[in-house]
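Written out below as structure tokens is the structure these notes cover.
The values are calculated or read from the model by the stated rules, or taken from the named source; none is laboratory data. All of these numbers come straight from a predicted model, not from anything done at the bench. Every residue, glycine as well, gets a Cβ built from its backbone with ideal geometry; the counts of neighbours run over all protein chains shown.
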Amino acid sequence: MSKQDVSSADANDAATLTRRFRELHTLSGRPAPIRPEWDGGGLALPSPYVGEDIDHGLASVRAILRLVGAATPCADEILRWRAGLEPDAPPPEALPGTALVAPFDGIEALMAALD
């Protein structure tokens with residue numbers, strides 16, 4: 001990819017980023033994960049975006065980071081919020097309706113499974 005191709009792909013402002021998201025065919029027909037103002041506004045928790053990005057994506061990344069011994073305080077906080085837990089509660093290993101308990105004893109077992 002040339003330098004010009006890379007710079008033309010940048011989306012450094014809200015209008016460009018919004019336009020690019022709207023042009024994604026894979027997202028067409030999916031409503032934005034925002035509740036209307038008359039319904040209180042804010043994030044629509046039942047949205048598929050929330051389920052995919054937090055319940056599966058973030059929880060999976062956190063599980064892998066834990067395998068290598070990394071601390072995940074921000075992910076823990078988001079997952080506690082998503083599970084409806086108090087801020088000082090231990091973070092959930094998996095969210096209700098998901099099966100994200102890491103089935104590996106350590107990073108070596110994960111790497112062997114991926115090899």
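The rows are residues; the columns are (1) in contact with a strand residue (DSSP E or B) (Cβ under 8 Å, 6 or more places away or on another chain); (2) modelled with pLDDT of 85 or more; (3) within 24 Å of R35 (Cα to Cα); (4) surrounded by 14 or more Cβ atoms within 10 Å (Cβ to Cβ).
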position: P48; (1), (2), (3), (4): no, no, yes, no
position: D55; (1), (2), (3), (4): no, no, yes, yes
position: R62; (1), (2), (3), (4): no, yes, no, yes
position: L67; (1), (2), (3), (4): no, no, no, yes
position: P73; (1), (2), (3), (4): no, yes, no, no
position: D76; (1), (2), (3), (4): no, yes, no, yes
position: A83; (1), (2), (3), (4): no, no, yes, yes
position: D88; (1), (2), (3), (4): no, no, no, no
position: A94; (1), (2), (3), (4): no, no, no, yes
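Condition check for L17 on (1) closer than 30 Å to A109 by Cα; (2) hydrophobic (A, V, I, L, M, F, W, C); (3) part of a helix (DSSP H, G or I); (4) out of contact with any Pro (no Cβ under 8 Å at 6 or more places or on another chain): one failure, at (1).
Among the residues of segment 59-82, those that are under 21 Å from A109 (Cα atoms), out of contact with any Lys or Arg (no Cβ under 8 Å at 6 or more places or on another chain) and not basic (K, R) comprise A59, S60, V61, A63, I64, L65, L67, V68, G69, A70, A71.
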